[in-house]
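The values are calculated or read from the model by the stated rules, or taken from the named source; none is laboratory data. Owing to the predicted nature of the structure, the values given are computational and were not obtained by experimental measurement. Neighbour counts are summed over all protein chains in view; Cβ atoms, including those assigned to glycine, are modelled from backbone coordinates with ideal geometry. SASA here: full protein model, heavy atoms, side chains in, ligands and nucleic acids out. Shrake-Rupley method; radii C 1.70, N 1.55, O 1.52, S 1.80 Å.
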Amino acid sequence: MTTADDFVIQFIQNKGLVSPASVAEVRAELGAALDGQHPDTLALAKLVEGGKVTWAAITQALGLEFDMEVVDVTQVAPAEELLKLVSREQAERQNILPLQMDGVELLVAIADPLDTETLDSLSRILKLPINPKLATPDALKAAITRCYSGGQINVSYSDVFGKAEGDGLSVELPQGGEVKEDDAPIIRYVNSLIVDAIRRKASDIHLEPLEKRFRVRFRVDGVLQEMKGPPKRLQASIISRLKLMADVSLAEKRIPQDGRIQARTGGRDIDLRVSVLPTVYGESIVMRILDKEGLKLGLPELGFFADDQAKFQGLISGSDGVFLVTGPTGSGKSTTLYSALNYINKPDRKIITVEDPVEYQMAGINQVQVKRDVGMTFAAALRAMLRQAPNIVMIGEIRDLETAEIAINAALTGHMVFSTLHTNDSVSAVTRLVDIGVKPFLVSAALRGALAQRLVRRVCQSCAQPYKPTAKELYTIGMTEQDVAGASPMKGAGCPKCGERGYKGRRGVFELFVITEEIQEMIYSGAPLVDLRRKAREAGMRTMREDGQRKVASGMTTIEEVMGATVTDDVI
């Protein structure tokens, strides 16, 4: 510490770390013969040497005052390329030490929190944003001597700053051609962004160009969370890097583009589905993270209770017919279908899927990618698939009459067909097929059931606490105090494992519509939707709101989550 030592002495007196009498005593001992040095420079050193105060106590107090992280640099070992950014002479003169590149920022250890001039100068020279950390002056001087003298590397930066849950991940990504020296910070930033999203178990990464900033958001458990974004000036470089990795045209900035990035991290294969969309302030990129570990979910992990799981297993294990999963985008339809295929995937069954795009690559299953530009549509792929003699067929989505008719005919000729449909509830799948143009008698003969679902956040198991809902809260969801008598509603208090949100992971709330003989006859005769729903309820079907009520009572989720994901039964 130099020019700010007078401030520091006054500061530690105000904080009670040293008495005014001690300061006065040291200054009196030093007198005026200071060989040109600032009086308080030697005074502060004398206070420490005399045991009146410690550098550690001073640095901790300054860290709190300036909201700066204090780090232990006694064993830190920066990478060789970082030491080349700051010369030894500069490091010793200004008592600074480069630690690590964090995205596009250079983390630097300093001893003087008021020395902004040095930091600004370093940022201008290196053309990098600087993120300063505090270290004690004596430890920092020793670290500079050791690091620039080729000292042995003992400890990584993460050992000094602590490891968050899931740290230690590295990501293997395609470099996309020759890498220039100027590109290295961008590559490190993009890689660290992907690793961070995977560590946080995000489902999407959103990079959004705004007028004056470049916004980065992760979608975790269905909720968007804003992260610290890079400087606006790096927007074009980051977007170009991602487009290169996703194998889409760098020159094309006028139309949307879709690509894919394959990564391997922590021993797991991760696919990122990349969407590039031109906007007013630049190209917006959304990367959907497709983690194949999600396919290993058992049916209970999807959120099924035992009774619904038994019905679901019975339906998907059939030898023929159509089974549909319905819901809006992002409601978990694909995960449910893949988990169902995983459950029924046996050596004696041939399974073929046709998808746009193939989201997950599954062992033991033949998967076909739709390619409309060469005529490989859903319908064309389905016709060819049926000549492959499959037992089970999965269609990514039924979108038109041609696809629907082929699927229905496949079911009527002895194949089990799975697909998705965009409807708000399960019973509406019947009317949706009819609206597309499928004859009611064909729907009646082929449809075996439909599952509607939504996703709700699960109460964090690490910080869950018993919770007694008020009568008003129960009323809003259609429950009474008797409904939760003897039950165990829970709420998350918030903890480091869930990021203080009280929720970790998601589960489904379901509405399972089973086609009975009576319902078959009603579909055949063209009965209206309201009558079909009434008959399904009489046959024991629970709505998504009712399934959510059960999950609130069991402590799996909360009233707020169910209210946000489902509608009241009289609206449907």
Inset, instruction - Check Asp307, Asp271, Asp258 and return the single one that is over 30 Å from Met541 (Cβ atoms) and open to solvent by 60 Å² or more (accessible area, probe 1.4 Å). - result: Asp258
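For (1) touching a residue at least 40 places away in the same chain (Cβ under 8 Å); (2) hydroxyl-bearing (Ser, Thr, Tyr); (3) at negative phi; (4) open to solvent by 60 Å² or more (accessible area, probe 1.4 Å), each residue gets a yes or a no:
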residue	(1), (2), (3), (4)
Met522	no, no, yes, no
Ser525	yes, yes, yes, yes
Pro528	no, no, yes, yes
Ser554	yes, yes, yes, no
Inset, instruction - With the checklist (1) part of a strand (DSSP E or B); (2) closer than 30 Å to Val216 by Cβ in hand, flag the one item Phe323 doesn't pass. - result: (2)
Inset, instruction - Inspect segment 503-513 for any residue being surrounded by fewer than 24 Cβ atoms within 10 Å (Cβ to Cβ), basic (Lys, Arg) and under 14 Å from Gly449 (Cα atoms) and give the result as yes or no. - result: no
Inset, instruction - Hey, can you tell me all the residues within segment 398-426 that are crowded, with 19+ Cβ neighbours inside 10 Å and assigned to a loop (DSSP other than H, G, I, E, B)? - result: Ile398, His415, Thr423, Asp425, Ser426
Legend entry - Test: residue in segment 103-118 that is at pLDDT 80 or above, farther than 30 Å from Asn191 by Cβ, small (Gly, Ala, Ser) and surrounded by 19 or more Cβ atoms within 10 Å (Cβ to Cβ): yes
Legend entry - Contacts under 7 angstrom Cβ, first residue in segment 48-60 being within 18 Å of Pro113 (Cα to Cα), partner among the charged types (D, E, K, R), 6 or more apart: Trp55/Asp138
Inset, instruction - Please indicate, with yes or no, whether at least one residue in segment 277-294 is at pLDDT below 90, exposed (fewer than 15 other Cβ atoms within 10 Å of the Cβ) and not hydrophobic (A, V, I, L, M, F, W, C). - result: yes
Inset, instruction - Sort out which residues of segment 326-352 are assigned to a loop (DSSP other than H, G, I, E, B) and basic (Lys, Arg), and write them in order of number. - result: Lys346, Arg349, Lys350
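So that you can scan it fast, the table gives a plain yes or no per residue for (1) farther than 24 Å from Leu290 by Cα; (2) surrounded by 13 or more Cβ atoms within 10 Å (Cβ to Cβ):
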position: Ile344; (1), (2): no, yes
position: Pro347; (1), (2): yes, no
position: Ile352; (1), (2): no, yes
position: Glu355; (1), (2): no, yes
position: Tyr360; (1), (2): no, yes
position: Ile365; (1), (2): no, yes
position: Val370; (1), (2): no, yes
position: Thr377; (1), (2): no, yes
position: Ala380; (1), (2): yes, yes
Legend entry - Residue ID - nearest to Glu81 (Cα to Cα), chosen from residues in segment 123-146 that are modelled with pLDDT under 85 and open to solvent by less than 40 Å² (accessible area, probe 1.4 Å): Leu126
Inset, instruction - Output yes when any residue across segment 216-232 is part of a loop (DSSP other than H, G, I, E, B), of a type in the set (Gly, Ala, Ser) and open to solvent by 60 Å² or more (accessible area, probe 1.4 Å), and no when none is. - result: no
Inset, instruction - Please name all residue pairs, on different chains or six or more residues apart, with Cβ atoms under 7 Å, provided the first residue is in segment 246-270 and is on the phi > 0 side of the Ramachandran plot and the second residue is open to solvent by less than 70 Å² (accessible area, probe 1.4 Å) and assigned to a loop (DSSP other than H, G, I, E, B). - result: Gly266/Leu169
Inset, instruction - Mind listing whichever residues of segment 452-486 are in contact with a Cys (Cβ under 7 Å, 6 or more places away or on another chain) and either modelled with pLDDT under 90 or open to solvent by 10 Å² or more (accessible area, probe 1.4 Å) (or both)? - result: Ser462, Cys463
Legend entry - Per-region count, segment 230-252, residues in contact with a Pro (Cβ under 9 Å, 6 or more places away or on another chain), within 20 Å of Val216 (Cβ to Cβ) and among the charged types (D, E, K, R): 1
Inset, instruction - List the number of the failed condition for Val26; all other conditions in (1) surrounded by 15 or more Cβ atoms within 10 Å (Cβ to Cβ); (2) modelled with pLDDT of 80 or more hold. - result: (2)
Inset, instruction - Specify which of the listed residues (Gly375, Gly414, Gly364) is at pLDDT 90 or above, at positive phi and not aliphatic (A, V, I, L, M). - result: Gly414
Inset, instruction - Could you check, for segment 444-451, whether at least one of its residues is surrounded by 19 or more Cβ atoms within 10 Å (Cβ to Cβ), more than 38 Å from the chain's Cα centre (by Cα) and farther than 30 Å from Met563 by Cα? - result: yes
